[in-house]
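Read through the structure below, which is laid out as structure tokens, and then see the notes.
Any read-out appearing in this document is the output of simple, stated calculations on the displayed coordinates, not a laboratory observation. Not measured: the values here are computed from a predicted model.
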Ligand code: PRX
């Protein structure tokens with residue numbers, strides 16, 4: 001559907017004039033906003049929390065937390081002390097030092113934020129794990145990163161294969177009266193006693209901050225390493241894209257297990273001294289609208305899947321809540337359908353601003369700004385200081401309206417610094433002439449707006465979560481009935497894509513619905529619920545190349561009734 005452009009609505013936005021700013025912008029000027037530009041002492045957690053605690057924001061609420069059982073508020077001053085306490089527990093009870101990997105595997109709670117920032121204050125590298133991960137997924141990540149410490153909860157600790165992780169020295173369990181045994185320690189017991197004073201570990205701008213594991217089309221998930229220097233971009237995009245101001249109540253719905261939940265659920269809002277809302281529990285339209293009403297949310301960052309689910313819940317329910325505080329809405333993770341923008345405009349009276357970025361990019365790169373016209377369906381324009389182009393497979397820039405690889409000129413402040421343990425993989429992201437290749441295909445129109453067209457590789461985006469087909473296939477073939485498996489993303493109106501698996505069975509197994517369900521549960525329990533195929537189709541044999549590689553592209557063409565393209569490499 002083509003929709004008319006939505007013109008900007010006049011307002012007092014932090015970014016006044018996109019085109020002018022893009023011409024004159026320099027990242028160097030942004031550095032002046034940080035205390036280290038004068039002191040030379042760098043630490044993300046200091047800039048995000050302590051600096052405000054020592055300023056006029058001391059008694060301003062930093063964190064508002066709500067779950068079924070808790071409703072709590074913490075000021076920046078309290079956050080400073082509580083993150084110091086968490087740091088002291090990690091240091092004294094587990095010997096955490098600069099560079100150590102500290103993994104956090106827990107549902108959203110204030111303690112998740114204390115532990116994450118506490119670890120960062122020690123110069124440790126934080127590895128967030130999504131709470132839905134099951135044993136196999138947890139093991140892969142802790143093993144690859146050689147995590148020394150894990151912070152988790154009584155409900156999740158059973159998914160940690162302690163015996164198989166020799167590098168893992170200490171596991172803190174966050175819960176009331178948890179027993180201690182072997183490597184397991186009671187976090188809260190020590191947290192209550194710990195000192196709230198701490199000497200922060202000062203680090204270099206290019207020292208490790210956070211390690212997010214993410215999926216590609218081949219191999220196991222890889223650890224994308226970000227460094228403290230990323231704060232430059234977190235801060236400035238928070239200012240100009242989220243448009244955060246002193247009185248805003250900001251809510252990012254993403255879990256810190258994913259990059260949006262850290263870059264824009266922790267760093268960007270707190271670097272800007274904003275009040276940050278965190279809500280635990282599951283998605284429901286009523287609970288979400290209630291959150292906006294109850295906290296008076298003004299700036300709301302969510303994902304197309306969620307907006308589509310809210311849209312599906314109907315307009316009647318929207319009217320039951322007072323959402324009048326909302327002034328700015330943003331989206332990330334998948335293409336934002338023009339229809340969703342139209343709906344948002346109707347029910348909230350606001351434009352939904354799409355933003356494009358990736359785990360690897362660390363922060364927003366292509367955005368719709370409040371001061372700019374929105375072309376529904378377009379991701380927007382490059383953030384100032386960011387050079388974006390569409391390039392061919394050799395890295396040559398293409399003119400407007402030609403589809404090709406969406407590429408970014410290397411060297412933006414929040415660019416990943418490494419792939420953990422895998423320099424070769426890191427290099428593979430870049431063309432020799434300095435373009436970072438995103439793996440997305442897109443085109444740029446004559447006005448400089450970028451339009452997403454799809455993934456170049458087989459990576460699946462389901463409900464905004466990135467799933468590698470190889471990871472799912474590997475799990476599937478661990479099931480005794482499965483001989484071969486090929487996994488694709490199948491377009492879905494609500495979830496963007498769903499995971500569909502084509503499976504050839506081993507001799508002696510007959511296709512049945514029970515078997516489908518059993519296989520689904522097998523992936524769910526071994527990997528993660530969101531990685532389990534919603535659809536399974538049994539087939540005799542899978543299309544493969546002569547070298548034995550499953551041709552997902554052919555499976556996709558079958559599924560969508562499209563021509564399968566070049567089949568010259570396919571076996572008979
Ligand atoms: O395909 C693009 C899609 O999500 C991919 C990155 O996934 P992930 O690393 O999990 O990060 C998601 C949130 C930062 C991209 O390669 N994607 C992200 N934003 C958009 C998008 N696709 C279309 N439009 C977007 N705005």
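What do you get for Rg/Rh over region 459-560 if you use C-alpha atoms and the Kirkwood form of Rh? Kindly include the intermediate steps, with their values, before the conclusion.
Values: Rg = 12.7 Å, Rh = 13.6 Å.
Rounded to two decimals, Rg/Rh equals 0.94.
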Practice problem: Report, please, the projected area of region 380-448 averaged over directions, based on the convex hull of its C-alpha atoms, in nm². | Solution: 4.9 nm²
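Average projected area of the Cα convex hull of region 60-192, in nm²?
On the way: hull surface 30.5 nm².
Average of the hull's projected areas for region 60-192 equals 7.6 nm².
Quick one: plug the Kirkwood hydrodynamic radius of region 286-393 (C-alpha pairs) into Stokes-Einstein at 37 °C, 0.692 mPa s, and report D in µm²/s. Let's see the in-between values first.
Values: Rh = 14.8 Å.
In µm²/s, the coefficient is 222.
Could you give the C-alpha radius of gyration of region 64-133 expressed as a fraction of 2.2 N^0.38 Å, taking N as the number of residues it contains?
1.13
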Quiz item: Based on DSSP H runs of at least 4 residues, each adding -39500 (n - 2.57), what is the mean residue ellipticity at 222 nm of the chain after dividing by all its residues, to the nearest 500 deg cm²/dmol?
Solution: -7500 deg cm²/dmol
Practice problem: Treating each Cα of region 18-442 as an identical point scatterer and ignoring solvent, apply the Debye formula and state log10 I(q)/I(0) at q = 0.09 Å⁻¹. | Solution: -0.55
Practice problem: Return the Cα extents of region 501-572 along principal axes one, two and three, sorted largest first, each rounded to a whole Å. | Solution: 38, 29, 23
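For region 336-398, divide the Cα radius of gyration by the Kirkwood radius and give the resulting Rg/Rh value with two decimals. If you can, show how the numbers build up before the last one.
Values: Rg = 13.9 Å, Rh = 13.2 Å.
Rg divided by Rh gives 1.06.
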Quiz item: In the chain, what percentage of the DSSP-assigned beta bridges are antiparallel, given to the nearest 5?
Solution: 60 percent
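Per residue, how big is the convex hull around the C-alpha atoms of region 47-89? Give it to me in cubic angstrom, could you? Walk me through the numbers before you get to the answer.
Details: hull volume 2.9 nm³, N = 43.
Cα convex hull per residue, to the nearest whole number: 67 Å³.
Taking N as the number of residues in region 236-295, what is its alpha-carbon radius of gyration divided by 2.2 N^0.38 Å? Provide the component values of the computation, followed by the final result.
Values: Rg = 11.7 Å, N = 60, 2.2 N^0.38 = 10.4 Å.
With N residues counted in region 236-295, Rg over 2.2 N^0.38 Å equals 1.12.
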Quiz prompt | Kirkwood-based Rg to Rh ratio, region 352-498, C-alpha trace | solution = 1.01
